[in-house]
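To keep things clear, I will list the structure first and then write my remarks on it.
The values are calculated or read from the model by the stated rules, or taken from the named source; none is laboratory data. Model, not experiment: these values are computed from the prediction. We place every Cβ from the backbone using ideal geometry, glycine too, and count neighbours over all the protein chains shown. With ligands, DNA and RNA removed, areas are computed over all heavy atoms of the protein, side chains included. Shrake-Rupley method; radii C 1.70, N 1.55, O 1.52, S 1.80 Å.
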Amino acid sequence: MRTALLILIVATALANWWTRLPGDRRGATRVGSISKPLTTTLVIVVAATSGAPSAQVALAVIALTLCLAGDVALMEPIDSFVLGLAAFLCGHLVFIALFVRFGLAHGGLAVAAAVGALAVAAVVGRPILFAARRSQPSLTAPVAVYLVAILAMAVVGWSTGRGWVIAGSAAFVVSDALLGWETFVITDPARAGTPTAAWTDGHDRDSAPAGAAHAEPRGDGVGPAALLPLAVMVTYHLAIVSLALGL
């Protein structure tokens with residue numbers, strides 16, 4: 001059954017990734033609206049049928065269900081960045097509780113993850129927060145709290161020493177770093193005329209964060225930024241699958 005579930009997850013994820021490619025494709029919106037929550041739902045089933053201790057399974061299912069809620073919140077017709085952020089934030093807190101259940105016996109890995117987290121905060125988190133403050137000041141504090149939560153989740157995840165958890169937590173950080181960069185930095189008016197702005201190659205986006213990369217595919221961009229929605233979803237799916245397999 002587990003193998004069949006993983007095959008289904010690969011199929012639905014590939015369908016979703018297809019909708020994230022640049023350019024317009026007939027039926028992409030409909031395929032995306034089905035494949036996105038379906039992939040996460042199948043991952044929840046993988047966790048629920050893992051055979052791990054019941055307390056661990058319960059926490060994993062809760063955390064992944066919150067991820068599913070975040071997926072839905074970032075899709076039409078809800079399309080709410082704030083609700084999606086809140087759902088994923090709660091999911092990360094539950095993941096932390098799950099990792100504590102696993103045991104935190106690998107201090108060296110935790111130190112390495114903490115150093116990496118500080119680097120991510122400085123190199124990626126700082127520009128995201130500055131851009132959010134300029135474009136959507138009311139989101140600065142929520143985004144900052146989320147940044148702390150996901151980096152803490154990664155540090156705690158690495159301290160478990162479990163390979164799947166290490167991979168999943170790292171992939172989650174990469175996914176949300178890309179999402180934050182696309183949502184705030186690339187669209188930051190203060191960066192007009194900079195290399196970052198030129199990097200978008202005309203892949204213009206609304207200034208409001210409601211149209212984040214986890215939402216519906218958009219645009220005909222031909223630059224690297226046009227591939228960000230795809231990169232966000234690939235790393236996100238790798239993250240949740242890895243965390244489910246970490247049980």
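Residue 118 - would you say it is hydrophobic (A, V, I, L, M, F, W, C), free of Cβ contacts under 8 Å to residues at least 24 places away in the same chain and under 27 Å from residue 224 (Cβ atoms)? Give the derivation first.
Values: hydrophobic (A, V, I, L, M, F, W, C): yes; free of Cβ contacts under 8 Å to residues at least 24 places away in the same chain: yes; under 27 Å from residue 224 (Cβ atoms): yes.
Criteria met by residue 118.
Need pairs with beta-carbon distance below 6 Å; first residue over 14 Å from residue 97 (Cβ atoms) and within region 38-65, second crowded, with 19+ Cβ neighbours inside 10 Å and small (Gly, Ala, Ser); sequence gap 6+ or separate chains.
Matching pairs, first to second residue: 39/13; 43/244; 46/244; 47/60; 47/244.
Pull out all pairs, ordered by first then second residue, where Cβ-Cβ is under 8 Å, the residues are six or more apart or on different chains, the first lies in region 1-29 and is closer than 18 Å to residue 225 by Cα, and the second is open to solvent by 80 Å² or more (accessible area, probe 1.4 Å) and in a loop (DSSP other than H, G, I, E, B).
Qualifying pairs under 8 Å: 22/220; 22/222; 23/220; 24/220.
Rundown of residues vs (1) over 18 Å from the mean Cα position of the chain (by Cα); (2) touching a residue at least 40 places away in the same chain (Cβ under 8 Å), yes/no style:
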site: 134; (1), (2): yes, yes
site: 148; (1), (2): no, no
site: 151; (1), (2): no, no
site: 154; (1), (2): no, yes
site: 165; (1), (2): no, yes
site: 169; (1), (2): no, yes
site: 172; (1), (2): no, yes
site: 181; (1), (2): no, yes
site: 184; (1), (2): no, yes
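For region 23-78, give me each residue that is outside any helix (DSSP H, G or I) and open to solvent by less than 50 Å² (accessible area, probe 1.4 Å).
23, 27, 50, 52, 74, 75 - these are the residues of region 23-78 that are outside any helix (DSSP H, G or I) and open to solvent by less than 50 Å² (accessible area, probe 1.4 Å).
Give the residues of region 1-10 that are more than 19 Å from the chain's Cα centre (by Cα) and open to solvent by 50 Å² or more (accessible area, probe 1.4 Å), sorted by residue number.
1, 2, 3, 4, 6, 7, 8
Conditions first: (1) at pLDDT 95 or above; (2) surrounded by 23 or more Cβ atoms within 10 Å (Cβ to Cβ). Residue 213 passes all but one, so which condition is the exception?
Single failed check for residue 213: (1).
Just wondering, is there one or more residues in region 31-40 that are among the basic types (Lys, Arg) and modelled with pLDDT under 95?
There is no residue in region 31-40 that is among the basic types (Lys, Arg) and modelled with pLDDT under 95.
How many of the residues in region 150-167 are among the hydroxyl-bearing types (Ser, Thr, Tyr) and either open to solvent by 30 Å² or more (accessible area, probe 1.4 Å) or touching a Phe, Trp or Tyr at 6+ places or on another chain (Cβ under 6 Å) (or both)?
Qualifying residue count for the region: 1.
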